[in-house]
Structures are given as structure tokens and as C-alpha cells.
Amino acid sequence: MKDRIKLFGIIGLYWVVFFVVGRIIFLLFHFNLTETLSSGEILTVLFLGLRMDLAMAGDWLVLSGIFLMLSILITDSNKLFYNINNIVTILLLIISSLIIVIDLELYRHWGFRLNTTPLFYISTEAAGSIGALTYTVLILNFIFLTGGFLWFYFKKISYRFLDLKPVKKQWGIVMLLLIGSLILPIRSGFGVAPLNTGMVYFHKTKAFPNHAGINVVWNFFRSLVSKSETRYPSNFFDSKKAEENLKQLVRTQQAAPSLLTQEKPNIIIVVLESFTSKIIGPLGGIKDVTPNLNALVHEGILFDHFYASGDRTDKGIISILSGYPAQPRTSIIKYPEKTQSLPYLPKIFSKSGYYTSFTYGGNIGFANMESYFTMAGFNSLTDDDSFDSKLNSSKWGVYDHYVFEHLIHELDTAKTPFFSVLLSLSSHEPFDVPLDPPFKTGNDEMSLFLNACHYTDQSLGNFIEQAKTKPWWNNTLIIITADHGHRLPNAQESSDKERFKIPMLWIGGAVSKKDTVIHTLSGQPDIANTLLGQFQKTDTTFKFSKNLLAPDAKPFAVYVFQNGYGFIDNESEAIYDFDFNNYIKKESSEEKLMLGKAYMQALFSDYNNR
């Protein structure tokens, strides 16, 4: 029996070492973040992460334990369970290594450890956003991890199954008890609460060391077996008080000034992919990346304290068109039964006699956007299938300048007034653009991103110049904003507010003011009632949207990252992490902290009840 107990322990240790090596690879892959940690912090990551490694090793060890127990109960079965355990180990190694390696790259872009969320975005376009060099590095990591541990398994462990000595069947009870004892590492203790990611969180200001302690294989399978529909807490803040506080935050009573010269202007909303304020000169960003947008600022009204609600395109689109904030851990667009009850700007303008259209150069079915746009009531939907196949040549679809040209031609024959939305895509990874722009410093990721943004800015500038020659220009309002910010340039923590700051600019022949800056702190959900306020149509169904032009509008914005949120106003800032169950940044009064919690509880309750 000793040989079985010894083998049981060896296999358990094997899996623990595997997961520890996986964590070390993660730290090395993200060396630019790891080098910001002290040696004590790195040791803490490894020590706390060991709890999750033991838990995941325990899960995999259960299977080998069962085979060892069955080898006691079934005579002459060593060869059988030797083969079965080999097959299972190979499969588990491949699956675990794939998760670890895929997470290496996705963490760079998403800022959280791999769970089932990215499965919602998987497509050929998404796969195309990874460059050839990155693929090579990831494949080499996979070969190293899988090949190295397979070699060790067959060299030092596998043969031991064949050498197991027969024992009395009563010893099967001992083996069963050993398997049962794995509940201790799997749950990480005797407490009532099972293991969760918060148990490895220790850093109060940096997300990376907390994330590095997570066993990504455990995290992935935990999210896989959890409920398919996310339910948010009902007790984060008192629900009735939350609704009252939300109304106080968004309610305005004073009339907003009119910024339009026309009663019923055409409206174009241009949503630029990943256009962070960090690349826009007038917003304090790099000066020469977006010369066209920089110049257009003087032709209209710039909102210079404007924030994205979330960090994904699908979240940004819903925040803009439905005035609905992004949510931690999920996106409401995944659930058509919920989105069908949202308010929609296109529907409202359609009822007022507007022709409505949406234009995009990519796959409109991506991330379930097609169902959302269909329910939004657009009269016309344009995606990559609407273009000549020769133009559909980038990794994500049709290059931006073709998409802007398509919109120009469409509006030339469109019924007026029109309400049109364009979503760009060329400034998405892998930053593939058809021109060699003058802003170029190298082939590193930063340069590629800046070049792609420069190209999209050029496409935008050409679109505006063409639009100015059209008869509909003098009766048109163009709202230029972004779907979300970006970690580049100068990547920050996924929770940093600078990662969410984006532009909003109102220009066009129908705009009455030029070279004007509005400093009111606001966010994407505020577009809905701010725009409707210009038509005296502020709508209470956009319950999270304020008219930011009203003199009594409260300056604040809320942004959401993976399982956390930030609440900011002119004097304070608070960032809360639900995994940490606490604030990771708190430069705010208790009153402001309560307002942020109330806002999130109102969102949670609304989401749960839709």
C-alpha cells in the first residue's frame, strides 16, 4: 500500500510544480509589470498563489486517486489504469497548458485573468488581432510547458503504475479516505467559505500582483461551472436608497443652453475604436498623433473630462446608444432578453421621423451586436458583407477610409433628417492599416498603435472635409467620441481612470458655438439625455443618463473594469474591487463613497430585474 500512497503524493507534487511553473512563466512574460514589484511582493505572489495551485492540483489529483483505488479493487488492472492515467494526464496537461498560454497574451489586452468572458468574443477576426511573432512566442511557451512536463511524467512517474503490488481490497477504504482528504486543499481550509480569488489579493494599490496570484486554470473552470447568467448582489447598498441617490446624481432642473442652430438637424455619431485621450493633444495626450481631430476641436465644442463606461466595444456602444452603463464580469449585450427592454436613441429619433442607419466595416454579428442593433430599430445596417469582397482585406474587416467613404455616399441619398452611427475598427489590434503614415517610430506595439490611430484620424479628417461640401452639412450635428480607451500608450493598471478617459467633440454646420470647451465631468451614458435635451426630450427611461449641459448637472463619472468600478468627480476618486471586497484607491469623503456604491447597486438591481 505504501507504493500507492507514495505515488499519490508524487502525482500531487507534480501538479503543484506544474502550476507554480505556469505562474513563473506569467511573471516572466509580463516582466514589464513584474519588475515594478519588490522581491517581497513577488514572494508574496508565489506564496499566496500556492493556495490556489494546491487547490487545482487537488482537483486533478482526484482522478489519479480514483484510478489508484480501482487498481486495488480490480485484480491485475495495473496495465489498464497505467494506460488510462497516461491518457488523462496528457489531456489535462494539454488543456491546462493551453489555458495558461492563452492567458499570457489575453491578460495584456484585457487586464484580468482568463475566464469564460473571452469565449463570447472568439471569432476569426479576434484571432487575427494577434501578430505572427506573438503566435510564435505563445506556441514556444506551450511546447516548453507541455513537452517538458510530459517528458518528466513518462520518465519519472508513469512507470510506477505498472510496479504497484497487489493488496487486500480493504485498503481501498484508505485510498478513498486519501481522496476525500483532498477537500482540504481544494477548499483551501476548513472554513465555511470556499476558495475564491480574493484569498490571493494582498496589494491595496496594484492589480497586477493580485492577479498574478490567481491560478488561471482554476479561474477558468470556476467561471465555466458557475451560472450562465450573472446575478449581481442585492445587498451591496440599500436598494431603495440606491434609487434615490441615483436620481439625485442624474436629475437636473435647470434648462440647458441650446448649442444647435436647427430645430431638427441631422445627427451623425462617429465612434472611434480605442481612441484614448492619451493620443489627443488638446486633452493632454501626444500632440502629433491626431492632427485632424486636434484641429477640429477649434471648430466645435470639446468635452474635455469625458469617460468611457467600460473597456470593450459592445459595452461602449450600449452606453452611447442606450445610456446604459457597463457592468463588471459580464456585458448585457449577451442577453437579448435583457437588451430588448433597454431604451434606444435610434428608436426615439425614428419616431420623430428620422432615417436611422448604422455603418461598420467588420462583422456585425461579433459579440452579439447584430441582435442589439436590430432591436435598436435601425432602418439600415451596414457591415463587412455590404462591401465589395476586395475591400474586406484587413484582419478585422474593411479599412476605415472605405467605411467613411461608404457613409458619405449613403448620406447623399438618405432621407433627411437622418440619425447615423459609424463605428471604426482599424485602430484595433493588430493595428493593421493600408497606408504608411508619417507618424512612425518603429515596429513595436506602441508605434503600431499610434500609426493606426493616425490613419483613422486621417480617415476622419477626409470624411469631415467631404461632408463640408455636401448640401446636408449646414443642418448636421456630428458627435465624435470613442467606444473605450486603451492601455497604450504608457499602459496603466486596468482600474486606472486614465485608461477610460476619451474624447467627445460636437461639430458640424448645425453647431452654434466654435472653439468651446465644456469641463463638466461626465461619461458615455450621459450622451443620451444630453442630446435629447437639445430637443427638449429628456427621457427618464435613460435612468443613468444626465443632461451634462444643464447648469445644475452634477459632475461625475463611473467606469467599470473586470469585477470593479471607479467613481470620480471634481474633488474625489474611489476605486472598488469586488474580488478584494474593498477599495484599492480611496481619495474621497464617506458621502462620495456612498454615492458610488449607490450608483452600482442601482445598476445591479436594474440588470438583475431586466
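Looking at Ile518 and the list (1) in contact with a strand residue (DSSP E or B) (Cβ under 8 Å, 6 or more places away or on another chain); (2) crowded, with 23+ Cβ neighbours inside 10 Å; (3) among the aliphatic types (A, V, I, L, M), which single condition is not satisfied?
Here Ile518 meets the rest and fails (2).
Give the residue, chosen from Ile95, Ile122, Ile130, Ile139, that is modelled with pLDDT under 85, surrounded by fewer than 16 Cβ atoms within 10 Å (Cβ to Cβ) and within 25 Å of the chain's Cα centre (by Cα).
Numbers: Ile95 fails: modelled with pLDDT under 85; Ile130 fails: surrounded by fewer than 16 Cβ atoms within 10 Å (Cβ to Cβ); Ile139 fails: modelled with pLDDT under 85.
Only one candidate passes the filter, namely Ile122.
In the range 575-610, how many are among the aliphatic types (A, V, I, L, M), surrounded by fewer than 18 Cβ atoms within 10 Å (Cβ to Cβ) and in a strand (DSSP E or B)?
0
Could you figure out which of (1) in a strand (DSSP E or B); (2) surrounded by fewer than 22 Cβ atoms within 10 Å (Cβ to Cβ); (3) in contact with a Pro (Cβ under 9 Å, 6 or more places away or on another chain) isn't true of Ser371?
With respect to (1) in a strand (DSSP E or B); (2) surrounded by fewer than 22 Cβ atoms within 10 Å (Cβ to Cβ); (3) in contact with a Pro (Cβ under 9 Å, 6 or more places away or on another chain), Ser371 is out only on (1).
Which condition number in (1) assigned to a loop (DSSP other than H, G, I, E, B); (2) polar (S, T, N, Q); (3) under 27 Å from the mean Cα position of the chain (by Cα) is the one that Asn529 fails?
(1)
Being touching a Pro at 6+ places or on another chain (Cβ under 6 Å) and closer than 25 Å to Ala414 by Cα is the filter here; which residues of the range 448-475 pass it?
Asn475
Every residue, every condition in (1) farther than 21 Å from Asp314 by Cβ; (2) surrounded by 24 or more Cβ atoms within 10 Å (Cβ to Cβ), yes or no:
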{"residue": "Asp496", "(1), (2)": "yes, no"}
{"residue": "Met504", "(1), (2)": "no, yes"}
{"residue": "Gly533", "(1), (2)": "yes, yes"}
{"residue": "Thr538", "(1), (2)": "yes, no"}
{"residue": "Ser545", "(1), (2)": "no, yes"}
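Checking the condition touching a Phe, Trp or Tyr at 6+ places or on another chain (Cβ under 7 Å), surrounded by 24 or more Cβ atoms within 10 Å (Cβ to Cβ), in a loop (DSSP other than H, G, I, E, B) and at pLDDT 95 or above, which residue from Gly485, Gly509 passes?
Gly485
Kindly establish whether Leu33 is more than 13 Å from Ile157 (Cβ to Cβ), touching a residue at least 40 places away in the same chain (Cβ under 8 Å) and assigned to a helix (DSSP H, G or I).
Judged against the criteria, Leu33 is a match.
Go through the range 304-318 residue by residue and tally those that are in contact with a strand residue (DSSP E or B) (Cβ under 8 Å, 6 or more places away or on another chain) and either part of a loop (DSSP other than H, G, I, E, B) or not assigned by TED's automatic domain parsing to the domain that holds Gly285 (or both).
Of the residues in that region, 4 qualify.
Just wondering, is there one or more residues in the range 575-587 that are at positive phi, modelled with pLDDT under 95 and over 24 Å from the mean Cα position of the chain (by Cα)?
The answer is no, given that none of the residues of the range 575-587 is at positive phi, modelled with pLDDT under 95 and over 24 Å from the mean Cα position of the chain (by Cα).
Say we look at the range 263-281 and pick out the residues that are in contact (Cβ under 8 Å) with a residue 24 or more places away in the chain and part of a helix (DSSP H, G or I); which of these is surrounded by the most Cβ atoms within 10 Å (Cβ to Cβ)?
Ile279
Which members of the range 235-257 meet the condition of being surrounded by 14 or more Cβ atoms within 10 Å (Cβ to Cβ) and either among the small types (Gly, Ala, Ser) or modelled with pLDDT under 90 (or both)? Talk me through it step by step, then tell me what you get.
At the first step, the residues of the range 235-257 found to be surrounded by 14 or more Cβ atoms within 10 Å (Cβ to Cβ) are 236-239, 241-243, 245-246, 249-252, 256.
Those that are surrounded by 14 or more Cβ atoms within 10 Å (Cβ to Cβ) and either among the small types (Gly, Ala, Ser) or modelled with pLDDT under 90 (or both): Ser239, Ala242, Ala256.
Cβ-Cβ below 7 Å, separation at least six or inter-chain, first residue in the range 367-390 and farther than 19 Å from Pro343 by Cβ, second among the acidic types (Asp, Glu): which pairs?
Going by the 7 Å Cβ cut-off, the qualifying pairs are Ala367/Asp314.
Can you list residue pairs whose Cβ atoms sit under 8 Å apart, with the first residue in the range 339-359 being touching a residue at least 60 places away in the same chain (Cβ under 8 Å) and the second being among the acidic types (Asp, Glu)? Count only pairs 6 or more apart in sequence or on different chains.
Pro343/Asp539; Ile348/Asp539; Ser357/Glu410; Thr359/Glu410
Which count do you get for residues in the range 170-218 that are of a type outside the set (Ser, Thr, Tyr) and either part of a loop (DSSP other than H, G, I, E, B) or farther than 26 Å from Gln562 by Cβ (or both)?
Adding up the residues that qualify gives 30.
Just the residues that are crowded, with 22+ Cβ neighbours inside 10 Å and over 28 Å from the mean Cα position of the chain (by Cα), please, taken from the range 282-307.
Residue satisfying the conditions is Val297 alone.
Go through the range 319-336 and count every residue that is buried (at least 21 other Cβ atoms within 10 Å of the Cβ), in a loop (DSSP other than H, G, I, E, B) and hydroxyl-bearing (Ser, Thr, Tyr).
So the count comes out to 2.
Could you check Asn570 against (1) surrounded by 20 or more Cβ atoms within 10 Å (Cβ to Cβ); (2) farther than 27 Å from Thr330 by Cα and say which number it fails?
Tallying (1) surrounded by 20 or more Cβ atoms within 10 Å (Cβ to Cβ); (2) farther than 27 Å from Thr330 by Cα, Asn570 fails exactly one: (1).
With Pro551, Pro555 as the choices, which residue is surrounded by fewer than 21 Cβ atoms within 10 Å (Cβ to Cβ), touching an Asp or Glu at 6+ places or on another chain (Cβ under 6 Å), touching a residue at least 24 places away in the same chain (Cβ under 8 Å) and more than 30 Å from Ser223 (Cβ to Cβ)? Full working, then the answer.
Numbers: Pro551 fails: touching an Asp or Glu at 6+ places or on another chain (Cβ under 6 Å).
So the residue among Pro551, Pro555 that is surrounded by fewer than 21 Cβ atoms within 10 Å (Cβ to Cβ), touching an Asp or Glu at 6+ places or on another chain (Cβ under 6 Å), touching a residue at least 24 places away in the same chain (Cβ under 8 Å) and more than 30 Å from Ser223 (Cβ to Cβ) is Pro555.
Do you know which residues across the range 152-182 are surrounded by 12 or more Cβ atoms within 10 Å (Cβ to Cβ) and over 20 Å from Asp76 (Cα atoms)?
Once the filter is applied, which keeps residues that are surrounded by 12 or more Cβ atoms within 10 Å (Cβ to Cβ) and over 20 Å from Asp76 (Cα atoms), the range 152-182 yields Phe152, Tyr153, Phe154, Leu178, Ile179, Ser181, Leu182.
The values are calculated or read from the model by the stated rules, or taken from the named source; none is laboratory data. Computed from a predicted structure; not experimentally measured. Glycine gets a Cβ as well: all are built from the backbone with ideal geometry, and neighbour counts include every protein chain shown.
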